[in-house]
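As structure tokens, the structure follows; a few thoughts come after it.
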Amino acid sequence: MTATLPPSGSSAFELLHPKVQRWIWQQDWPELRAAQEAAAAPVLAGETDVLVAAATASGKTEAAFLPICSALTADPPQTGGFAAIYISPLKALINDQYGRLDELCEHLDIPVARWHGDVGAGAKSKLVDRPRGILLITPESLEAMFVLRGWKMHDLVGALRYVVIDEMHSFMGTERGAQLQSLMHRLDLAARRRVPRVGLSATLGDMRAAADFLRPGSGDKVAVIVSNADGQELQLQIRGYVDIQPSLPTLDGSGDKEAEPQTGEEDSGDRFAIADHLFTTLRGSHNLIFANSRAAVEEYTDLLSRRCDQAGVPSEFVPHHGNLSKDIREHAESRLKDRARPVTAVCTSTLEMGIDIGSVSSIAQVGAPPGVAALRQRLGRSGRRGGPAILRVYISEPELSATLHPAEELRAQLVQTIATIELLLQRWYEPPHGKALHLSTLVQQTLSLIAQHGGITPNDAYRALCAQGPFRLVDAATFAALLRDLGKATLIRQETDGLLLHGDAGEKLVNHYTFYAAFAAPTEYRIVNGGRTLGSLPIEQSLPEGALLIFAGRRWRVLAIDTRAKVVEVARASGGRPPRFIGAGPEVHDRIRTEMRRIYQESAIPIYLDATAQHLLEQGRAAYRRFGLRSNPTVGYGNDTLLFPFCGDVIMTTIALALHTRGVSVARQGLALTLSGISPQTTADLLGELSEADLPTATDLARLIPDKRIDKYDEVIGEELLALSFAARRLDVPGARNVITRLTEQTTLARFA
DNA sequence: GACCTGCTGCGGATTG
């Protein structure tokens, strides 16, 4: 074997155990990757927490496990219990890592075990009887372990030396992330020690926030390793399209019966043009097409499959989204791994994360990307080592007409896309929301602690979860109020000695397996064809018998619906339309809207726009000038006024509520707030009043929202706490004040113009 | 809120 000499002169390599060195040698690696080099010493020392941020496929997992395995080999555990726990957001990722890790650990006599929902109960009880080595687990399975085997936790994790978090960025700012932080803290409590944590993450804008997520309260002591070795070349293009079809009603219009079977003769319009370009450009190589919704995935897979049929070539386009069954998704994944036969997957964010599918030739994005960080992740999938990453974005805007809404004349989709790309080039990414209280997850964790210990005092619960745990933004009074709400809902009750126990409802909740997940999921119907499950659709979907449907990239007719078993039986058909998955859009960050304003006011045309996109941008800028938005944010529209504040969605909601307190009915539509029956002059006066008076508090504004239940256990939380929670996460009064001041200045000066 | 993610233990049938 002609092995290139491994990492000689590499100080990290010298630190590793000889057996690990031998394994690296056998891998034939030319050198250790930057992240692996930098992480070795601090992980080996085992004294600090370590955060490794690097691009996908940069050897992050090895950066953690080469030194961890070295430490475990050099100093083998003397007692039972897991030596390291690796927590991953995906079962598929655990299975991937298990294959890779097991191979390394075989040489080292370190047992590796996986534990998630697809692992049998027998294997689990064996592990509990003989806990050893490295455990790969999901947050939900770890939660189940605390609930069902609380009394054994010290035996299981008493000897724990490391906790590893994979894809840490995917947890940050979410309920599941708050659960993960709580679980990590409860591991420390069960081990009765501070167990070193290793976080593996994509590169983020604010590494300090990430470090603080990994070790709440002590983020400054985390060793942060950022591998910025992504000098990768980016080739990108935004392609503009004009939608000449009259825009169809998308939200309402449940009159599905008139769904006309598409004959294929009306192949015109923007979607067809986009499909044509995708077909001719991507066929013959491996690619990913990110459509922004499951409905769009279905529609484009269908359009592209028909192109293949018409051309008499085998279908090269496969769908991939969260409602498709496991075997359909795994089929797409294995086709992607098979380099011999070209395939392009049309997908939602399902293929953003680190499941091993190999790298693809190019990325297509249909519609505005949902954010800068998401676009960065998607790009990471493209480009073999050393090769450029290729991105094509397809943006469609409606044809200009007399009836077009001003917001559409501004070509907001296109401008938002340009803003997102400009920020990506500046390496800015959306930070996670740090101010959420995560009360829903605090409910879950309180109930879980009671299960683990067979009861707990309010003081101990507060100390474990809030004072020293991750729910630091919750003060004692708020926690007490939460406990009272839980008592009212009979989730908990209190013994005379003060001990908290489960109440009747709590007992039921905790003893059902759905308790372990911190996030809510809608009930869904299973879609079945001849005994084979194709996937599922949310229950809100009303599908009358005989309705036509496009699903899993094919056309179907609904034969029968079993409402009790929640099953929809379908047969192949020739017509159909994609299912509607209802909803609004992702939250747009303030920085993106600020960037959009800059783009409107500039005249430079980015070089990555094609001719149509350039033309659309000019139209958008012309509309911006015509409305005079540079100096006046209001536009009269019939009896209404449109207000364009150019700020993030959180601030827009806050301004809308503040206007609401003045008796104005306000609606939010993308870039604009619509003030019904109010003139631009009155709007200017209202803004002036708001800027002079004190704005209501965020909590007062939140009280105006009739239904604030969003997260899984919000149902049992009382109005007051829901208002507090909504205010913390979804409103920004100081931000709104700044924007209102700016808007007032503009409208005041505009009057003299 | 576009999108995404996850969970138990047992009964019963099948196979070696």
Output the number of residues of segment A:729-741 satisfying the condition of being away from DNA strand B (no atom under 12 Å from the Cβ) and surrounded by 16 or more Cβ atoms within 10 Å (Cβ to Cβ).
6
Might you check whether a residue that is on the phi < 0 side of the Ramachandran plot, surrounded by fewer than 19 Cβ atoms within 10 Å (Cβ to Cβ) and either more than 27 Å from the chain's Cα centre (by Cα) or of a type in the set (K, R) (or both) occurs anywhere in segment A:445-453?
yes
Would it be correct to say that A:G670 is surrounded by fewer than 16 Cβ atoms within 10 Å (Cβ to Cβ) and either outside the structural domain of A:T741 (by TED's automatic domain parsing) or small (G, A, S) (or both)?
no
Name the pairs: first residue in segment A:581-595 and closer than 15 Å to A:A296 by Cα and at pLDDT below 90, second residue near DNA strand B (Cβ under 6 Å from one of its atoms) and not in a helix (DSSP H, G or I), Cβ to Cβ under 7 Å, at least 6 apart or on different chains?
A:F581/A:S293
Condition first: within 16 Å of DNA strand B (Cβ to nearest atom), free of Cβ contacts under 8 Å to residues at least 12 places away in the same chain, in a helix (DSSP H, G or I) and within 23 Å of A:Q452 (Cβ to Cβ). Can you find one or more residues in segment A:508-528 that meet it?
yes
What's the number of the condition A:I289 fails, among (1) of a type in the set (A, V, I, L, M); (2) farther than 24 Å from A:G383 by Cβ; (3) more than 12 Å from DNA strand B (Cβ to nearest atom)?
(2)
Please count how many residues of segment A:452-492 are without any contact (Cβ under 8 Å) to a residue 12 or more places away in the chain and not in a helix (DSSP H, G or I).
1
Residue by residue through segment A:537-565, note down the ones that are modelled with pLDDT of 75 or more and within 14 Å of DNA strand B (Cβ to nearest atom).
A:F551, A:A552
Conditions: (1) buried (at least 18 other Cβ atoms within 10 Å of the Cβ); (2) within 11 Å of DNA strand B (Cβ to nearest atom). A:V157 meets all but one. Number of the miss?
(2)
Every residue in segment A:121-151 that is small (G, A, S) and either more than 29 Å from A:M172 (Cβ to Cβ) or not assigned by TED's automatic domain parsing to the domain that holds A:E175 (or both), please.
A:A121, A:G122, A:A123, A:S125
Looking at segment A:679-708, which of its residues are in contact with a helix residue (DSSP H, G or I) (Cβ under 6 Å, 6 or more places away or on another chain) and either within 15 Å of DNA strand B (Cβ to nearest atom) or touching a residue at least 60 places away in the same chain (Cβ under 8 Å) (or both)?
A:A684, A:L687, A:G688, A:A698, A:L701, A:A702, A:K708
Taking A:Y162, is it aromatic (F, W, Y), away from DNA strand B (no atom under 16 Å from the Cβ), out of contact with any Gly (no Cβ under 6 Å at 6 or more places or on another chain) and in contact (Cβ under 8 Å) with a residue 40 or more places away in the chain?
yes
Could you please give the count of residues in segment A:79-95 that are polar (S, T, N, Q) and touching a residue at least 60 places away in the same chain (Cβ under 8 Å)?
2
Inside segment A:352-366, can you point out the residues that are within 16 Å of A:R335 (Cα to Cα) and modelled with pLDDT under 90?
A:I355, A:D356, A:I357, A:G358, A:S359
Hey, among the residues in segment A:690-715 that are closer than 21 Å to A:G177 by Cα and in a helix (DSSP H, G or I), which one's farthest from the chain's Cα centre (by Cα)?
A:E715
Residues of segment A:180-197 being closer than 19 Å to A:L93 by Cβ and in contact with an Asp or Glu (Cβ under 7 Å, 6 or more places away or on another chain), which ones?
A:L183, A:R197
Can you work out which of the residues in segment A:283-299 that are under 21 Å from A:S361 (Cα atoms) and in contact with a Phe, Trp or Tyr (Cβ under 8 Å, 6 or more places away or on another chain) is surrounded by the most Cβ atoms within 10 Å (Cβ to Cβ)?
A:I289
Those residues that are over 14 Å from A:F290 (Cβ atoms) and either surrounded by fewer than 21 Cβ atoms within 10 Å (Cβ to Cβ) or away from DNA strand B (no atom under 16 Å from the Cβ) (or both), I need them from segment A:346-364; list them, please.
A:I355, A:D356, A:G358, A:S359, A:S361
For segment A:174-209: of the residues being touching a residue at least 24 places away in the same chain (Cβ under 8 Å) and touching a Gly at 6+ places or on another chain (Cβ under 7 Å), which is nearest to A:P67 (Cα to Cα)?
A:P196
Looking only at segment A:58-71, decide whether some residue is among the basic types (K, R), in the same structural domain as A:K221 (by TED's automatic domain parsing), within 27 Å of A:T203 (Cα to Cα) and surrounded by fewer than 20 Cβ atoms within 10 Å (Cβ to Cβ).
no
All but one of (1) at pLDDT 90 or above; (2) within 16 Å of DNA strand B (Cβ to nearest atom); (3) of a type in the set (D, E, K, R) hold for A:D309; state the number of the condition that does not hold.
(2)
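The values are calculated or read from the model by the stated rules, or taken from the named source; none is laboratory data. Computed from a predicted model, the values in this text were never measured in an experiment. Methodologically, a virtual Cβ is constructed for each residue, glycine included, from the backbone with ideal geometry; neighbour enumeration extends over all protein chains shown.
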